[in-house]
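No value in this document is a laboratory result; all are computed from the given coordinates. Keep in mind it's a predicted model, so treat the numbers as computed, not measured. Methodologically, a virtual Cβ is constructed for each residue, glycine included, from the backbone with ideal geometry; neighbour enumeration extends over all protein chains shown.
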Amino acid sequence: MSLLTKHNMAVTPNTKEQHSAYLTGKSLCLFTAKPEMSWIIDSGAIDYITPHLHLFQSPVPVTRACFINMPNGKSVQVKNIGTVLLNGSILLKDVLYVPDFQFNLLSASKLAKTLSSNVVFTPTYCYLLDHLKNNQLVLGSETGGLYLAATDLR
């Protein structure tokens, strides 16, 4: 199993209140009161990933060694897999718990496939469009070059 992104992201050490990243030539700082509440919506990621075990409803330990390749080339182990509730209404299945990961990563393509919807990025927002239900949901907004989805998880 591997994580593939179209971004060149190298994570730097940070405090609990600050997340730093280097994406495609831009230096970014993400300041949040609760970093585990923000999810980066990534159109190049193939999995949902979080370093926060408390977000899972029923995490299941991974019984055989399973690794992902980080964007910086480092290989890290997946410890658990399970479901996470996003925005109080979207159930993310097969979320990977990777303690060595620095961010919550939301795969736009996996979400679109799972929900049979379209994920649309505009200059300021990211929308989830469900054509069967004729429904549009604001999934997140652009902040400092990244699209962030907020959750109501505690």
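By other beta-carbon atoms within 10 Å, ranking Met37, Met70 with the fewest at the front produces Met37, Met70. Near Tyr147, the amide H atoms lying under 5 Å from its own belong to Ile41; only residues 5 or more places off or on other chains count, and H is placed 1.01 Å from N. Taking 0.36 nm per residue of separation and subtracting the Cα-Cα distance, full extension of the segment from Ser58 to Ser89 would add 9.5 nm. Placing a pseudo-label 7 Å from each Cα along the Cα-to-Cβ vector at Asp100 and Glu142 gives an inter-label distance of 3.4 nm.
May I ask you to order 94-102, 111-119 by the average number of other C-beta atoms within 10 Å around their residues, highest value first? Show your work: numbers first, answer last.
On the way: 94-102: 18.7, 111-119: 15.9.
Ranking, from highest mean packing down: 94-102, 111-119.
Could you tell me the calculated FRET efficiency between Cys66 and Thr114, based on Cβ-Cβ distance and R0 = 25 angstrom, to the nearest 0.05? With R0 = 25 Å, the Cβ-Cβ based efficiency is 0.80.
Taking 0.36 nm per residue of separation and subtracting the Cα-Cα distance, full extension of the segment from Val76 to Asn134 would add 16.9 nm.
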